[in-house]
1. Output the peptides 232-242, 199-209 sorted from most to least packed, where packing is the average of other Cβ atoms within 10 Å over each peptide's residues.
2. Measure out, as a whole number of angstrom, how far apart the alpha-carbon centroids of segment 69-94 and segment 171-211 sit.
3. By how many nm would the segment from R59 to E18 lengthen if fully extended, with 0.36 nm per residue of separation less the alpha-carbon distance?
4. Compare the Cα positions of H119, L232, G163 along the charge dipole of segment 7-244 (+1 at Cβ of Lys, Arg; -1 at Cβ of Asp, Glu; about the Cα centre) and return the one farthest towards the positive end.
5. Under the rule of -39500 (n - 2.57) per DSSP H run of 4 or more residues, summed and divided by the residues of the chain, what mean residue ellipticity at 222 nm is obtained, to the nearest 500 deg cm²/dmol?
6. Once you have a ≥ b ≥ c as the square roots of the Cα gyration tensor eigenvalues for segment 7-244, tell me rounded if a/c is under 1.5, and otherwise prolate or oblate according to whether a/b is larger than b/c.
7. Treat every Asp and Glu Cβ in segment 97-246 as -1 and every Lys and Arg Cβ as +1, leave all other atoms uncharged, and give the resulting dipole magnitude about the Cα centre to the nearest 20 debye.
8. 5 Å is the cut-off here: which amide hydrogens, built 1.01 Å from N in the peptide plane, fall below it relative to T213, excluding neighbours closer than 5 in sequence?
Amino acid sequence: MPRLLGPVETAALGEAAESVLARVTGRAPAARADVTVWPDGHRLERVDGTTVHWEPEARPPAVRSLSPVTPLHPSLGALWNDERIAAPMRRIVGCERLGGFTSKLNFKRAGVGSEFRWHQDHPFWYCCAGPSARDVATAMVFLDDVTSDNGALEIVPGSHLAGPAPRDRSEPTGLLVDAARTDVSGAVTVEAPAGSVLMFPGLLVHRSGPNRTDRDRRSLLLCFQPAGRPELADLPYRAERLTDLP
Ligand SMILES: O=C(O)CCC(=O)C(=O)O
């Protein structure tokens with residue numbers, strides 16, 4: 001949905017994102033005890049109700065994402081009830097009463113934002129929510145202009161209809177799509193001006209390349225689910241559930 005949000009409100013969301021980031025990273029050194037290193041070497045740090053995911057290679061350190069984030073700033077949280085987003089999301093989730101599952105700020109910083117290989121969001125959520133993960137869908141609000149060279153999302157239209165895609169067994173997290181066994185030939189690159197919103201179900205196969213430009217490509221992701229279900233942050237991650245998936 002191109003330019004769903006206007007330039008002034010998009011800029012205000014960008015400022016909110018930066019103020020949340022500054023607050024969280026200002027506190028991060030005191031919270032270093034609560035660190036998880038994933039099997040792929042990515043470092044996750046719990047700070048004041050959110051998780052900081054650091055860019056794996058960036059020197060000086062740079063934040064890849066924060067999640068959840070909407071409880072940390074009222075203007076981010078207000079988007080859950082914005083009908084421009086909620087109305088189409090009701091159709092995608094297939095439910096009249098929606099709740100939040102999780103939220104995330106992806107920073108994809110100029111020069112250091114790294115690749116996110118082909119994946120579906122579903123396996124990660126399935127490890128936490130089990131079969132309910134099928135009902136989660138995302139509204140991705142672009143806070144900056146998105147171009148193919150600053151890490152635009154590439155999506156495979158219709159790929160969600162085939163269900164869980166085969167996972168890459170040679171990759172340490174077990175969460176990524178095996179692109180050699182999945183048809184990604186119909187992929188399209190989603191370039192869009194700031195304020196645009198991309199809405200997609202958790203089974204859609206997608207990736208994004210590194211940001212090699214001098215322009216940030218920040219986005220705010222709101223993941224909706226039917227109302228009344230537990231949020232991601234309240235669910236334990238159970239890697240053994242991956243054995244249910246192809
Ligand atoms: O922001 C990106 O480039 C990747 C987004 C994504 O695929 C995700 O957060 O699951």
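1. On the way: 232-242: 12.8, 199-209: 21.5.
Result, highest mean Cβ count within 10 Å first: 199-209, 232-242.
2. 22
3. Working: separation 41, 0.36 × 41 = 14.76 nm, distance 1.93 nm.
Between R59 and E18, full extension yields 12.8 nm more.
4. Result: L232.
5. Numbers: 4 runs with 44 residues, N = 246.
Helix-only estimate at 222 nm: -5500 deg cm²/dmol.
6. Working: a/c = 1.17, a/b = 1.10, b/c = 1.06.
Because its axes are fairly even, with a/c under 1.5, segment 7-244 counts as rounded.
7. Values: 17 positive and 18 negative charges, 45 e Å.
Once rounded to the nearest 20, the dipole reads 220 debye.
8. Excluding prolines and chain starts, which carry no amide H, the hits are G111.
The values are calculated or read from the model by the stated rules, or taken from the named source; none is laboratory data. Since this is a predicted model, take the numbers as computed values, not measurements. Every residue, glycine as well, gets a Cβ built from its backbone with ideal geometry; the counts of neighbours run over all protein chains shown. Just so you know, the surface numbers come from the protein's heavy atoms only, side chains and all, with ligands and any DNA or RNA stripped out. Shrake-Rupley method; radii C 1.70, N 1.55, O 1.52, S 1.80 Å.
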